[in-house]
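One structure is given below, encoded as structure tokens.
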Amino acid sequence: MSKNCITNLRHKDFYPIKGVGYEGFFRGYFYYENQYVTHENFASLFSNDDLISMEFARWNGEYALIFKNEDKTTLVTDMKRSIPLFYSTDKEENWIVQDFIEPHAGMKLRKESEEEFLVTGFVFRDKTLFEDWYQVPAVSTVTLTDKAKQTYYYSYVLEKEPESIDSFAEELEHVFHSLFDDLANRLQGKQIVIPLSGGYDSRLIALMLVERGLKDSITTFTYGRPGNGESTMSKQIADSLGLKWKYFAYDKKMWEEMYQSPDWKDYVVYSSNGVSVAHLQDFPSTKLLVQEENLKDAVFLPGHSLDYLAGGHLPYESIVNKDFEVSEIQTFIMNKHFRLWELSGEKSYASTTIGRGLIKDIEVYSNYTNERVTSIIDEWNWRERQSKFIINSVRVYEYFGQGWSLPLWDDRLIHFFSKIPVDLKYKKYLYDYTLHKMYPDFYPLPEKPGPENSMRNKYGLLYPLLRKIYRTKNLYRKYFDEPMEWYGIYPTYKKYVKSLTFKRDGQKYEHPYNINSFIVKDMIQMIKEITK
């Protein structure tokens, strides 16, 4: 017999739904069999029998669903966990389902989750930082009866198709036009905001929407130290397309004041939910933009994360045509993601609890060819870092009362890139080639990348030593060189240097990788103070 389920939802756009044999809540939208589905028509399209047998991988959109029938409660996230869901039990053994977790006195932290968060900036699989709370990961359903059962409904590890680059490029261009046609229809009458970094992804969003006649509805913005390269490129692209452009100067004093403000602490709790590091870089600019432009439920369109889907995160060593060992795959993933803090000395995370957990994730699969290994690497990245850290950054827009959409995480792109052979995906070769074919004035023709992109291949046995020397030198320099100026969260260079190492549970941590290294350490301390 299932337990009673109590639902407590924070976001205003979670709406009640009631269909044949079920009731629940829905937020977002999706396309299914050529129909556009929202809370308004959901119940008229789906019965309980439809939902319990549904292949949710066929729902293309940004949504979260909670539905209850006589037997159970089911929670569903979309392919990228764009809208998070969490569950726990209360003292009476009722299920509690929420779209947020707010830490309070008496909550206990999981040691393993704390380590994952400190090293990567997110918590793995269905855990959260808190012992009694769980999350619904990307591309998942969770059924709540007497126990909770989590299931992934789609795998990215699929067979590849042997087509020519021009054939794939033609198909990809068709996908782009299809998804941006749909997006343009959803955006009619809305204020549109594009964080325009000047990179390939945000540039593509601007180009496609201008083509669809939405230029007058678009505001673009960027930020950073005056004269930085990204803002210069952003301005050039905005001007060439005739788009409104806003720039927000960042300096160390601004970051110091922001980082100590009550707003920042409140936002950290709002956005993290015990899973993700708070997204820092858009926080000051979004706050100012909303105020200056008097934005009311505008739709922000960040360029996440087509560079990843297109193969930009794959190491060269993983695409070599050979059979791989599980330990090699573990190393590929750890080198990319387990790096916010290093263990002092020669110690590695490979033999720690979180390293052994990664091995279990990999061993779900077998037959470790380069095509399967690169898909395993990308799937882990997608389910963990992309969904919980990168995509979760949209919470910054929600915090300031705005909407968002993620066009470059459209499910059609996920399905497309899942079938692309690795020799065309590596370093985004197919993606960049397609962009050049579509917009030759905005994207150069790429050369097919090879081993020259691998620093390990280039420097051989010297690579670990050279990497350590470079990272150590960079640590002491970037307080002054960072174009976003965000190391100003430390008011003096002396305090910054003092923060470069710390001890925890008898273990020394060193070589912070980037600004998120400092934020996760401070967030853990903040949460411990709230929950003690």
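The values are calculated or read from the model by the stated rules, or taken from the named source; none is laboratory data. In this text the structure is predicted, and so the values were computed from the model without any measurement. Here Cβ is always computed from backbone atoms with ideal geometry, including for glycine, and neighbour counts include all displayed protein chains.
If I ask for residues that are in a loop (DSSP other than H, G, I, E, B) and within 16 Å of residue 175 (Cα to Cα), which ones from the range 413-429 would you list? Outline the logic, then answer.
At the first step, the residues of the range 413-429 found to be in a loop (DSSP other than H, G, I, E, B) are 419-421.
If the condition is that a residue be in a loop (DSSP other than H, G, I, E, B) and within 16 Å of residue 175 (Cα to Cα), then 419, 420 are the ones that fit.
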Cross-chain or 6+ apart pairs with Cβ under 8 Å, the range 238-258 first and more than 27 Å from residue 493 (Cβ to Cβ) and in the same structural domain as residue 199 (by TED's automatic domain parsing), then assigned to a helix (DSSP H, G or I) and of a type in the set (Asp, Glu): 245/239; 246/292; 246/293
Filtering the range 363-375 down to residues that are within 24 Å of the chain's Cα centre (by Cα) and within 15 Å of residue 322 (Cβ to Cβ) yields 371, 372, 373, 374
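Just to be sure, is residue 175 outside the structural domain of residue 397 (by TED's automatic domain parsing), of a type outside the set (Asp, Glu) and touching a residue at least 24 places away in the same chain (Cβ under 8 Å)?
Values: outside the structural domain of residue 397 (by TED's automatic domain parsing): no; of a type outside the set (Asp, Glu): yes; touching a residue at least 24 places away in the same chain (Cβ under 8 Å): yes.
Taking the combined requirement at face value, the residue does not satisfy it.
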Just a yes or no: is a residue in the range 153-166 within 27 Å of residue 14 (Cα to Cα), at pLDDT 95 or above, part of a loop (DSSP other than H, G, I, E, B) and β-branched (Val, Ile, Thr)? no
Within the range 181-200, can you find the residues that are surrounded by fewer than 22 Cβ atoms within 10 Å (Cβ to Cβ) and at pLDDT 95 or above? 181, 182, 183, 184, 185, 186, 187, 188, 189, 190, 191, 200
Just checking, does the range 408-423 include any residue being surrounded by 21 or more Cβ atoms within 10 Å (Cβ to Cβ), among the charged types (D, E, K, R) and touching a Ser or Thr at 6+ places or on another chain (Cβ under 7 Å)? no
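Take the range 495-532 and flag every residue that is of a type in the set (Phe, Trp, Tyr) and either surrounded by fewer than 13 Cβ atoms within 10 Å (Cβ to Cβ) or outside any helix (DSSP H, G or I) (or both). Spell out the reasoning first.
Of the range 495-532, the ones of a type in the set (Phe, Trp, Tyr) are 496, 502, 509, 513, 518.
Passing the criteria: 502, 509, 513.
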All but one of (1) at negative phi; (2) touching a residue at least 12 places away in the same chain (Cβ under 8 Å) hold for residue 441, so report the exception by its number. (2)
Which number in (1) within 17 Å of the chain's Cα centre (by Cα); (2) within 11 Å of residue 309 (Cα to Cα) marks the one condition that residue 404 misses? (2)
Only one of (1) of a type in the set (Ser, Thr, Tyr); (2) more than 18 Å from residue 301 (Cβ to Cβ); (3) in contact with a Lys or Arg (Cβ under 8 Å, 6 or more places away or on another chain) does not apply to residue 240, and that is (3)
Filter result for residue 321 (part of a loop (DSSP other than H, G, I, E, B), outside the structural domain of residue 198 (by TED's automatic domain parsing) and surrounded by fewer than 21 Cβ atoms within 10 Å (Cβ to Cβ)): yes
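This table checks each residue for (1) crowded, with 21+ Cβ neighbours inside 10 Å; (2) aromatic (Phe, Trp, Tyr).
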position: 209; (1), (2): yes, no
position: 216; (1), (2): no, no
position: 234; (1), (2): yes, no
position: 241; (1), (2): no, no
position: 244; (1), (2): no, no
position: 247; (1), (2): no, yes
position: 260; (1), (2): no, no
position: 265; (1), (2): no, no
position: 270; (1), (2): no, yes
Would the range 276-292 turn up any residue that is hydroxyl-bearing (Ser, Thr, Tyr), farther than 24 Å from residue 420 by Cβ and not assigned by TED's automatic domain parsing to the domain that holds residue 414? no
Which one is farthest from residue 417 (Cα to Cα), of the residues in the range 186-207 that are assigned to a helix (DSSP H, G or I) and in contact (Cβ under 8 Å) with a residue 40 or more places away in the chain? 186
Need the failing condition index for residue 488 against (1) small (Gly, Ala, Ser); (2) exposed (fewer than 13 other Cβ atoms within 10 Å of the Cβ); (3) at pLDDT 95 or above, just the number. (2)
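Here is a list: 117, 124. Which entry is under 30 Å from residue 501 (Cα atoms) and in a loop (DSSP other than H, G, I, E, B)?
Numbers: 117 fails: in a loop (DSSP other than H, G, I, E, B).
Just a single option satisfies the conditions, and that option is 124.
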